[in-house]
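Read the structure below first, then the notes.
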Amino acid sequence: MKRFLPFLIILAVLAVAVGAGWFLKSRSSQPTPLVADVPGASPATPSSTPGSNAPVTTKAREPGADPPHSIGPTDAPVTLEEFGDFQCPPCGQLHPELKQIIREYGSRVRLVYREFPLPAHQHALAAARAAEAAAMQGKFWEMHGLIFETQHSWNEAFDVRPIFEEYARRIGLDVAKFEADITGTRVSNRIFLDQKRGRELGVQGTPTLFLNGREVPFDSLPAQKLRVLINAELARAGG
């Protein structure tokens, strides 16, 4: 038996080596999963093509809240879709720029606003609810503008509910209905659907802006750079 022991050891080592080689080969033949397919992984954020200002096209199966809050005709050659957070300072800075762009371009540009309140902002969800509750009475854009334009005054408040109720009175809402709607299912669903659409598009922060379905790089959000992208899109559309 001792004479055969070395040969048995050699055969065992060879068997292990062959088995390991087969296992590694079978593993390497499997496709590598995309990051976005891995549960719990952050989706990739679309970015501009290196050396180009052209945004990358993105598509989403999720339509978001329907109908969306929008200004401008649905057949405008340029659609800007903003995912925003009312307590986000950069969103507050972008607000007047987009407002001016809509005034300048008129019917050539459509603006769509999507709710994307961030968990890090204490009052962002309450502000989104206030805007959506105002929309139930046809006053979304009035509340949207008022909340953004007074961001500095409610940002650090302990309780924003009485502040937003005062805004509701200021813009002529039925306050009792506003108070009921603000915690209602319709308001919650609209915010949920907008966030769902944003997550599918890879939105991770605010403001995130899409121009005709293509994400605008963050460094192109300042008004003058954004106008360059809008003008290029209008030129392509013949407008």
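Bear in mind that the values in this text are calculations on the coordinates, not laboratory data. All values derive from a computational prediction rather than experimental measurement. Cβ: placed from backbone, ideal geometry, glycine included. Neighbour counts: every protein chain shown.
Worth pointing out:
- For segment 70-158, GluC sites (Glu not before Pro) meeting the loop criterion (DSSP other than H, G, I, E, B) and having at most 13 other Cβ atoms within 10 Å: Glu156.
- Placing +1 on the Cβ of every Lys and Arg and -1 on the Cβ of every Asp and Glu, with nothing else charged, gives segment 69-236 a dipole about its Cα centre of roughly 420 debye.
- Sorted by Cβ neighbour density within 10 Å, fewest at the top, the residues Leu94, Leu118: Leu118, Leu94
- The simple Förster model, with R0 at 30 Å and r as the Cβ-Cβ distance, assigns Ser153 and Glu179 a FRET efficiency of 0.90.
- Annotation: the residues Phe140, Phe86, sorted from fewest to most other C-beta atoms within 10 Å of their own C-beta, follow the order Phe140, Phe86.
- DSSP bridge orientation in segment 69-236 - percent antiparallel, rounded to nearest 5: 55
- Segment 69-236 - percent relative contact order, Cα under 8 Å, separation 6 or more: 33
- HN-Hα J in Hz across segment 192-201 - Karplus 6.51, -1.76, 1.60, θ = phi - 60°, x for Gly and Pro: 4, 5, 5, 5, 4, 4, x, 4, 5, 7
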